[in-house]
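Peer 1: Below is the structure I would like to discuss, written out as structure tokens.
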Amino acid sequence: MSKQYKQTEEYIDVDDEIQNTAQQTGYSWEEEYKRSWDVLQEDEDGSLKRTVENLQHRMKRKKLFRDTSTIRRGIIRHMFLIIDLSEAMMEKDLRPSRLELTLSYAEQFILEYFDQNPISQLASLLLCNPMDNIRVLKNKKNTDTDGEPSLQNSLQMARSTLIHVPAHGSREMLIIMGSLTTCDPGDIYDTIDSLVSENIRVSVVGLAAEVQICKLMCKKTKGTYGVVLNEAHFKDLLFEIIPPPPVSAAQNKAELVIMGFPSSVTDSMPSLCACHSKPTTSGYICARCNSKICDLPTDCPVCELTLVSSPHLARSYHHLFPIDNFVEVPWNSAFATHCFSCQMPFPNPTSTSLGARVAPDTSGRYKCNKCNQYFCIDCDVFVHEVIHNCPGCLATTSSH
């Protein structure tokens, strides 16, 4: 099923924009004082429209600068999502509150995770079905938070689930933590050492401030650690976990995975499925034991064969062979007049009320070096984040 692409207005934080463009040499409070309002400059007509458009343009481009080198990644992932439900999550420094914003972003994260990693698994609150995860998260919005969190207990519970994962699948944890303290029954350093020995990668998104034990744990387990600056930065940190990480040296050995491609059936009379024991008229037939199941991808409950469909594998391969970043075209080479994909006209230098010709900071043209076609910024984002295929390259291939 294709993903519907929705274009939304981006939230612009000028202070965050300055911090991202500057070279970070230490903590933000150690840097020289900056006046963020100096970034907003009026044009000859006294309008801020061009400045705002340039800021939005840079934000879209910033999300596309990623590593496109061909490296080995684990496309069969097993992730455990852990959400802090302590008293600290009721703070309102993130609107409407830390808990409500976390649960809202967690729903979006789960949908995007399974869209980009269709043959992977995610467990939150001991559930593995994506719709069950979302249903539980919606019910948790009315739950009162209280007490102190226990990071060690959460790690031990997730570890007891992930140690049964097959060797060909990656083991990951994602922790969203709003508290600055943890109340643990034992030595958490022993727990971290056990995670390292079992190749479990832990990533943490902090909502308050940097915590030393979280930073040490992420460093030892080869995970990522970030502290949110605002609501938009929170979502960026969370969605950076969606692409599969590189395979570690301990998992560098290649293994063959047996998978089955079941056939879709629609019966006139309902029959019991093997996964829920409920009567259904449609489903999929296991290629090995002929059992009936409801959804894909999954493991057959009878013969334990991994069942997938060919579109699931195709959607997973784009992480292994990513599209190269499009190159920004300078004004002296901006000869194209329309976007190859959407056929919208490219911007041109505009005339002011004084008769001067003013060109925007960027030409708005981005070139694919393989097919030499030009695209606008919105199509650039859509190609790299949604369809993962260049329309110009596909048109050139089909013509040959």
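The values are calculated or read from the model by the stated rules, or taken from the named source; none is laboratory data. Keep in mind the model is a prediction, meaning the values are calculated, not measured. In this analysis, Cβ positions are derived from the backbone assuming ideal geometry, glycine residues included, and neighbour counts consider all displayed protein chains. Heavy atoms of the whole protein, side chains included, go into the accessibility calculation; ligands, DNA and RNA do not. Shrake-Rupley method; radii C 1.70, N 1.55, O 1.52, S 1.80 Å.
Peer 1: When only residues in the stretch 227-240 that are outside any helix (DSSP H, G or I) and of a type in the set (A, V, I, L, M, F, W, C) count, which is farthest from Gly178 (Cα to Cα)?
Peer 2: The qualifying residue farthest from Gly178 (Cα to Cα) is Leu229.
Peer 1: Here is a list of conditions, (1) at pLDDT 90 or above; (2) over 23 Å from Phe114 (Cα atoms); (3) in a loop (DSSP other than H, G, I, E, B), and Phe335 meets all of them except one; can you say which number that is?
Peer 2: Of (1) at pLDDT 90 or above; (2) over 23 Å from Phe114 (Cα atoms); (3) in a loop (DSSP other than H, G, I, E, B), only one is false for Phe335: (1).
Peer 1: Six or more apart or on different chains, Cβ atoms under 8 Å: show the pairs whose first residue is in the stretch 71-95 and more than 16 Å from Pro118 (Cα to Cα) and polar (S, T, N, Q) and whose second is open to solvent by 60 Å² or more (accessible area, probe 1.4 Å) and not in a strand (DSSP E or B).
Peer 2: Final answer for the pair search is Ser86/Asp146; Ser86/Glu148.
Peer 1: A further question follows. Please go through the stretch 368-400 and give me each residue that is over 24 Å from Leu320 (Cβ atoms), surrounded by fewer than 19 Cβ atoms within 10 Å (Cβ to Cβ) and either aliphatic (A, V, I, L, M) or in contact (Cβ under 8 Å) with a residue 40 or more places away in the chain (or both), ordered by number.
Peer 2: Selection gives Asp378 alone.
Peer 1: Taking the condition modelled with pLDDT under 90, over 17 Å from Gln152 (Cβ atoms), open to solvent by 40 Å² or more (accessible area, probe 1.4 Å) and not in a helix (DSSP H, G or I), does Pro243 pass?
Peer 2: Answer is yes for this residue.
Peer 1: Which of the residues belonging to the stretch 368-389 are of a type in the set (A, V, I, L, M, F, W, C) and in contact with a Lys or Arg (Cβ under 7 Å, 6 or more places away or on another chain)?
Peer 2: Ile377, Val381, Val386
Peer 1: List the strands (runs of 3 or more DSSP E) that sit entirely inside the stretch 112-221 and contain at least 1 residues that are at pLDDT 90 or above.
Peer 2: Ranges flagged: 170-177, 200-206.
Peer 1: Between a first residue in the stretch 98-120 that is open to solvent by 10 Å² or more (accessible area, probe 1.4 Å) and a second residue that is aliphatic (A, V, I, L, M) and part of a helix (DSSP H, G or I), which pairs have beta carbons less than 6 Å apart while being 6 or more apart in sequence or on different chains?
Peer 2: Arg98/Met89; Tyr105/Leu238; Glu107/Ile134; Glu107/Leu137
Peer 1: Going by the conditions given, is Glu210 surrounded by fewer than 16 Cβ atoms within 10 Å (Cβ to Cβ) and within 26 Å of Leu256 (Cα to Cα)?
Peer 2: Criteria not met by Glu210.
Peer 1: While we're here: Just the residues that are part of a strand (DSSP E or B) and in contact with a Cys (Cβ under 6 Å, 6 or more places away or on another chain), please, taken from the stretch 257-281.
Peer 2: Thr280, the sole residue that qualifies.
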